[in-house]
1. Scan the stretch 21-33 and tell me whether some residue there is in contact with a Cys (Cβ under 9 Å, 6 or more places away or on another chain), at pLDDT below 80 and of a type outside the set (Val, Ile, Thr).
2. Report, ordered by the first and then the second residue, all pairs with beta carbons closer than 7 Å, sequence separation of six or more or different chains, a first member in the stretch 73-102 that is in a helix (DSSP H, G or I) and aromatic (Phe, Trp, Tyr), and a second member that is surrounded by 15 or more Cβ atoms within 10 Å (Cβ to Cβ) and modelled with pLDDT under 95.
3. Name the single residue, out of those in the stretch 56-80 being hydroxyl-bearing (Ser, Thr, Tyr) and closer than 18 Å to residue 30 by Cα, that is nearest to the chain's Cα centre (by Cα).
Amino acid sequence: MKKRTGKIYIETIKDIICDHFSTTFAELYKHNKSRDVEYKIPRQLIMVFIGEFSYLSCSQISSIFFKDHATYLHARKTIRNREIFEPSFKELMKELRDKIINRFALIDEKTDLVVYVKEEILICL
């Protein structure tokens, strides 16, 4: 097996989400109190994907945006509900998840199949 690009870092998840929404993390952070969808959805997605691809606690994930653990729980609930009830949002989630996995996947050299192992992921604060 060979590693395609290595380990997943929080910065990389932030970059993938921010690139997709044509914004920067500085903008998301600057508008930390904003409830505008253009800032809220990317923030929530960053939290949800960090939760999905790491073993960090709710509090640790929320602290990235200087929020408490309830913010992460709310983000997770909101994103999951949208994923269930909005087909276009489900496609967006799949696309973003695939970008993250493909960028950091382990590839079997014999079969060229992606072998994803959560333990291989390193999140650095």
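The values are calculated or read from the model by the stated rules, or taken from the named source; none is laboratory data. As the structure is a prediction and not an experimental result, all values here were calculated from the model. When we count neighbours, we look across all protein chains shown, and the Cβ atoms used for this are built from the backbone with ideal geometry, even at glycine.
1. The answer is yes, given that some residue of the stretch 21-33 is in contact with a Cys (Cβ under 9 Å, 6 or more places away or on another chain), at pLDDT below 80 and of a type outside the set (Val, Ile, Thr).
2. From the stretch 73-102, the pairs are 89/82; 89/83.
3. First pass over the stretch 56-80, keeping only residues hydroxyl-bearing (Ser, Thr, Tyr): 57, 59, 62-63, 71-72, 78.
Going one step further and asking which of them are closer than 18 Å to residue 30 by Cα, we end up with 62-63, 71.
Details: 62: 13, 63: 15, 71: 15 Å.
Going through the qualifying residues, I end up with 62.
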